[in-house]
Amino acid sequence: MKFTLSWLKEHLETDEPLEKLADKLTMIGLEVENIEDKAKALAPFTIARVISAEQHPNADRLRVCMVDTGDGGAPVQVVCGAPNARAGLISVFSPPGTYIPGKNITLGVGTIRGVESRGMLCSAAELQISEDHDGIMELPADAPLGKGYADWAGLGDPTIEINLTPNRQDCTGVHGIARDLSAADMGKFKDPGIKPIKGEFPCPVQVKVEDASLCPGFALRLVRGVKNGPSPEWLQKRLTSIGLRPINALVDITNFMTYDRARPLHVFDAKKVQGNLTVRRAKDGETLLALDGRTYTLDGNVCVIADEHGVESLAGIMGGEASGCDDNTTDVLIESALWNEINIAQTGRKLGINSDARYRFERGVDPAFMVPGLELATKLVLDLCGGTPSENVVVGKQFGEDRVIDFPLTEVKRLAGIEVPLVEVKLILTRLGFMLAGNGPVVKIAIPSWRTDVQGKADIVEEIVRIVGVDKVPMTPFERGEEPRKPVLTPIQLRTRRAKRALGTRGMVEAVTWSFITNDAAKLFGGGQSELVLANPIAADLSDMRPSLLPGLVAATQANINRGYPDVALFEVGQVFRGDKPEDQLVAASGVRHGYASSKGIGRHWTGSAVAGAMDAKADAFAVLAAAGAPMQALQIVPGGPAWLHPGRSGTIQIGPQNVLGTFGELHPRAAEALGADGPMIVFEVILERIPQGKQRATRAKPVLDLSAFQPVSRDFAFIVDRSVKAGDIVRAAQNVDKKLITDVTVFDVYEGKGIDPDKKSIAIAVTIQPREKTMTDQEIDAVAAKVVAEVTKKTGGTLRA
Amino acid sequence: MSDLATLEKSILDQITSAGDEAALEAVRVAALGKKGSISALLATLGKMSPEERKTEGARINLAKDAVTQALAARRDVLKAAALDARLAAETIDVTLPLREASAETGRIHPLSQVWDELTTIFADMGFAVAEGPDIETDDYNFTKLNFPEGHPAREMHDTFFFNPKTDGSRMLLRTHTSPVQVRTMLSQKPPIRVICPGRTYRIDSDATHTPQFHQVEGLVIDKGSHLGHLKWILHEFCKAFFEVDHINMRFRPSFFPFTEPSLEVDIQCRRDKGEIRFGEGEDWMEILGCGMVHPNVLRACGIDPDVYQGFAWGMGIDRIAMLKYGIADLRQLFENDIRWLNHYGFKPLDIPTIAGGLST
């Protein structure tokens, strides 16, 4: 919403300076977005006369001018390149030190081709008041020398633009803004009231409204014998000051009413209208050439005003070219109507029309002002164009309902925490157009018709608080209460936080990828269900809610490879989707390693470099699980995993086949190819919800430490087994020999190659035996060792390596 | 010089010139071993008269002691020299560069860090953390929040929708974390104090908008909380979050469907060559929206607005992260350029705490 200061003063008697008015507007909820104050910006530019203009001695295109700046001093020498610089010309002068907005420079004293120049004669473009840069400005002979140009030219009217919130339709007109300011003590509101204008004959055009839900009210009147043409200067100036183009008096009146009174109107050239008017839904395929010169194809959702010929106007949005008013118009039909807000918004969006009428109607105009608005417009037409008015035709039942609410005065303190005396409440609300009855504790408040946004008690509190000033509400410390200090994070939040930090300490870097991925990638990772496909994705490759973080992470890794950073370890902890119900959304912790980005570190190094492998991903997954509090002893590792992993270099982490916690391994080459990835990607994914919640102990004290008095004994064994035998089975077999005595089994060597059959491998384990009651004899230890050999041999078919 | 004296001197000379412990041992054996020269002299004592034995014995033993002492002294010298030589040979190149510790090279994304900062500040003020699903119903995302029918946010050009189900209803991606407030009010009894951080979605993609972004909202419902408390909480939060001693804030009346009265909040700042300082300067920067929860919202969530009251606020996590840490371009938050992450990310052990500070 844009207006000028002088326009505001038509509705508000005030001496407050612009800055104060602007600050107040912002602080009462009408946020000032921009103020354009040409008078201030152009203050140094004054009216001056060229006394003489001689040819520059050293340049063909330049002239040396002597300028009378009107300040009574000696003439000033100015070098000027404009072809129209000539003796006697009245133009605009700026002294050294002036900022020239059109050139974005600050003028200095210059020497141009050997001749000193102490100022500048200016073009309109240099002042940024028009595009005209063909020479310096030419002002009439009677323009007062020495005076400010902007003031003389009437540019001294600052423009104010406010960022209007959608609830304040009443402030889409200057009148409403003035009312708000007057309530905030910024001046006296001028609201003289509107006198009905008596019609001198019945309106010959009748109106039929087919669907009252689309058009709750419609008022029409004919004015015969008008003389249309350019509107008077004051009206043109109003419109141009806010960037509107004057067209002709009748059209300008409607635009003026729109901005002055938040009352959009439409004028038809009555002679171009055939018969009566009908407000109806458009028929599918009907078209209208609108006033913007474009032809719109309509359908049954669009509300139109039609005559016996066809559609003449898009209701509440834009008129039609065929029945528009021009200089030849002698009889004019003025329409003032009410439209369904939702329908206007939908139609405007569908047709792509952003008109001033739509802007107001979709917010909902003051219903009670439909007829007064028509009266005011009629008066303007009679004043500016003459003519004889008909009686009004009014269709519809009730324009604005009486809305009265009970308001307990304590509500202000209760919701806003500020005490406002009743006299002040009354003053504020009355100035805003509310009416109050009673002195409390509960008062009756009648809501004005134009405040369609005000519905209940909280809205009244807002009215009072915004006018009193939110800055007057005292800041009140918020007691945290008697509640004991307890952790506030849920188990999943805690796991999320710890998973991130754990992966970070493993040298991985946290990424944040999109929640949506391509349909192909979603399907590849077990997603792509129809309930997870967006109906309106922002791009074709962001169409599906991700079933896994890995497609996004692989893409991010690949992007880094493409930038020249091939050694990357990225992780993400975030939401994945298995369906559209709340419980289908899970938190995954996932990672991708590529290149020299093993657990040892990023890049090659003399201490040992390693290309990331599946076991790094296993370590990552275990780090997450341990940090998240998983029961590590209970985890089972099953070779293999989902189809998107390398079948021989992947594993599944589970607690029983029913509860899979995660997977890890090398991305399957086919999956890598489908995701556009180069070379092996090492990946893992753990679902944090799958981790069983440990039992909370009643005390924070740790269990009693049971230390043995006897030294542990370690025995090494190396077994030759088939390559397919799992190390985990050997470890478990050894452990199961005596769970009490054997406290640790460690694999310390794995060997394949020379000295071993090609289909075999050697696995060496260290078994720690912890005596409990007494020191063990060699025989007792040997007996345990023999059991270990026997058990491993039995379970794995291996033999003790000689 | 007697023979004994000559022998003693000869042995002592050999000790002095012994170059290593093996040579020294050879000298010892030659002198004091079973067949050593001094041992041989001692063996002669048995054949001597008691008087002779007394004087000769004393002489020989003196020589033996001298040799023994010299051997021990020389052994110490040689041992020390041998150790020095060994250590010298064991010299390593200590200038070889280390691998940086993983805990130093890993990074936490700025959004996660700021998330932890927010939780830390609000937990200290007594707020719990509530979360909800990204995929929401129209009812929770709009209707219960007092969005009128036909509100532009409910259109396909603003909000991501899924395909309609057979009953005509359609799920959507939440456009704010307010549905979490709804879920909280429906499932808990007041007093309620929660913050709701989470990922949100709107159809918007340009220099300052991404189709996914993150919000943190706050909600307080009880029998006495009002705008004055809201102002205080936000003021305390901004000081704590931006880590400044004082901050000027401006509360402007505004409009949101779900609050009444509604306010927008600006903080005063100074912009200087791309850097923003808070607590100084002349500019105002909008940072969040807030207000008293609209009675219609309370009613829709089963709370009597004449008995209970409360307030809510919401702000962009991405935005406040950018403001605090000088991140210029929103889109980079989701580009995952390793160079950017290494620069703007945080070390994993830099965990925000009240006691140790948020970012120090």
Checked against (1) hydroxyl-bearing (S, T, Y); (2) closer than 26 Å to A:P487 by Cα; (3) surrounded by 20 or more Cβ atoms within 10 Å (Cβ to Cβ), B:S187 satisfies every condition except (3)
Positions within segment A:508-545 being of a type in the set (D, E, K, R) and surrounded by 24 or more Cβ atoms within 10 Å (Cβ to Cβ), in sequence order: A:E510, A:D544
Restricting to segment A:555-571, name every residue that is more than 8 Å from chain B (Cβ to nearest Cβ) and touching a strand residue (DSSP E or B) at 6+ places or on another chain (Cβ under 6 Å). A:T557, A:D567, A:A569, A:F571
With the structure loaded, tell me whether B:Q181 is under 24 Å from B:I121 (Cβ atoms) and in a strand (DSSP E or B) or whether it fails that test. no
Would you point out the residue of segment B:221-246, among those that are within 12 Å of chain A (Cβ to nearest Cβ) and outside any helix (DSSP H, G or I), that is surrounded by the most Cβ atoms within 10 Å (Cβ to Cβ)? B:S225
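Just checking, does segment B:84-98 include any residue being assigned to a helix (DSSP H, G or I) and surrounded by 12 or more Cβ atoms within 10 Å (Cβ to Cβ)?
Looking for residues that are assigned to a helix (DSSP H, G or I) and surrounded by 12 or more Cβ atoms within 10 Å (Cβ to Cβ), one finds none in segment B:84-98, hence no.
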Can you tell me which residues in segment B:249-259 are more than 7 Å from every other protein chain (Cβ to nearest Cβ) and within 13 Å of B:E286 (Cβ to Cβ)? B:M249, B:R250
Any residue that is more than 9 Å from chain A (Cβ to nearest Cβ) and in a helix (DSSP H, G or I) - is there at least one of those in segment B:132-139? yes
Based on this model, can you work out whether B:S262 counts as at the interface with chain A (Cβ under 9 Å from one of its Cβ atoms), in contact with a Leu (Cβ under 7 Å, 6 or more places away or on another chain) and crowded, with 18+ Cβ neighbours inside 10 Å? no
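Would you please name the residue that is nearest to A:I162 (Cα to Cα), looking only at residues in segment A:1-25 that are in contact with a Phe, Trp or Tyr (Cβ under 9 Å, 6 or more places away or on another chain) and assigned to a helix (DSSP H, G or I)?
So the first thing to find is which residues in segment A:1-25 are in contact with a Phe, Trp or Tyr (Cβ under 9 Å, 6 or more places away or on another chain), and the list is A:1-3, A:7, A:11-13.
Those still in the list that are assigned to a helix (DSSP H, G or I) too: A:7, A:11.
Working: A:W7: 14, A:H11: 17 Å.
Filtering first and then ranking leaves A:W7.
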Restricting to segment B:176-196, count the residues that are farther than 14 Å from B:D222 by Cα and either among the small types (G, A, S) or in contact with a helix residue (DSSP H, G or I) (Cβ under 6 Å, 6 or more places away or on another chain) (or both). 6
Considering only strands (runs of 3 or more DSSP E) wholly within segment B:275-360, the ones with at least 2 residues that are without any contact (Cβ under 8 Å) to a residue 60 or more places away in the chain are B:275-278, B:283-293
Which listed residue is within 19 Å of A:D157 (Cβ to Cβ), away from chain B (no Cβ under 14 Å) and touching a Pro at 6+ places or on another chain (Cβ under 9 Å), from A:L5, A:L21, A:L12: A:L5
Among strands (runs of 3 or more DSSP E) entirely within segment A:604-676, at least 3 residues that are out of contact with any Asp or Glu (no Cβ under 9 Å at 6 or more places or on another chain), among the hydrophobic types (A, V, I, L, M, F, W, C) and assigned by TED's automatic domain parsing to the domain that holds A:P566 occur in A:660-667
Taking segment B:305-344 as the region of interest, how many residues are within 16 Å of A:A511 (Cβ to Cβ), surrounded by fewer than 21 Cβ atoms within 10 Å (Cβ to Cβ) and not aliphatic (A, V, I, L, M)? 10
Give segment B:184-217 a look and list any residue that's in contact with a strand residue (DSSP E or B) (Cβ under 8 Å, 6 or more places away or on another chain) and either in a helix (DSSP H, G or I) or among the basic types (K, R) (or both), or say none. B:T184, B:M185, B:R193, B:R199, B:R202
Only unsatisfied item for A:T505, checking (1) surrounded by fewer than 22 Cβ atoms within 10 Å (Cβ to Cβ); (2) more than 10 Å from every other protein chain (Cβ to nearest Cβ); (3) modelled with pLDDT of 95 or more, is (2)
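Taking segment A:575-594 on its own, how many of its residues are assigned to a strand (DSSP E or B) and either touching a helix residue (DSSP H, G or I) at 6+ places or on another chain (Cβ under 7 Å) or more than 8 Å from chain B (Cβ to nearest Cβ) (or both)?
11
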For segment A:379-392, give me each residue that is out of contact with any helix residue (DSSP H, G or I) (no Cβ under 7 Å at 6 or more places or on another chain) and over 17 Å from A:N248 (Cβ atoms). A:K379, A:T388, A:S390, A:E391
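Going by the structure shown, is A:T430 polar (S, T, N, Q) and within 16 Å of A:D180 (Cβ to Cβ)?
yes
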Top-ranked residue of segment A:528-554 - restricted to ones that are of a type in the set (G, A, S) and touching a helix residue (DSSP H, G or I) at 6+ places or on another chain (Cβ under 8 Å), ranked as nearest to B:E335 (Cα to Cα): A:S543
Look at segment A:511-536 and say how many of its residues are within 23 Å of B:G198 (Cα to Cα), more than 7 Å from every other protein chain (Cβ to nearest Cβ) and modelled with pLDDT of 95 or more. 5
For segment A:125-169, which residues satisfy the criterion of being in a helix (DSSP H, G or I) and either of a type in the set (K, R) or under 25 Å from the mean Cα position of the chain (by Cα) (or both)? A:Q169
Return the pair list, or none, for Cβ contacts closer than 9 Å from residues in segment A:702-720 that are farther than 13 Å from A:T746 by Cβ to residues that are outside any strand (DSSP E or B) and of a type in the set (S, T, N, Q), at least 6 apart or on different chains. A:S708/A:Q770; A:F710/A:Q770; A:F710/A:T775; A:Q711/A:Q770; A:Q711/A:T775; A:V713/A:Q770; A:F719/A:T793; A:F719/A:T796
Members of segment B:144-170 that are of a type in the set (A, V, I, L, M, F, W, C) and either touching a helix residue (DSSP H, G or I) at 6+ places or on another chain (Cβ under 6 Å) or at the interface with chain A (Cβ under 8 Å from one of its Cβ atoms) (or both): B:L145, B:M156, B:F160, B:F161, B:F162
Boolean, A:E483 is surrounded by fewer than 20 Cβ atoms within 10 Å (Cβ to Cβ), among the acidic types (D, E), under 17 Å from A:Q585 (Cα atoms) and facing chain B (nearest Cβ under 10 Å): no
Could you check A:F622 against (1) within 39 Å of the chain's Cα centre (by Cα); (2) more than 14 Å from chain B (Cβ to nearest Cβ) and say which number it fails? (1)
Looking only at residues in segment A:400-432 that are part of a loop (DSSP other than H, G, I, E, B) and more than 12 Å from chain B (Cβ to nearest Cβ), which one is surrounded by the most Cβ atoms within 10 Å (Cβ to Cβ)? A:L432
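The values are calculated or read from the model by the stated rules, or taken from the named source; none is laboratory data. Nothing here was measured: the structure is a model prediction, and the numbers come from that model. Quick reminder, even Gly has a Cβ in these numbers, built from the backbone with ideal geometry, and neighbours come from all protein chains shown.
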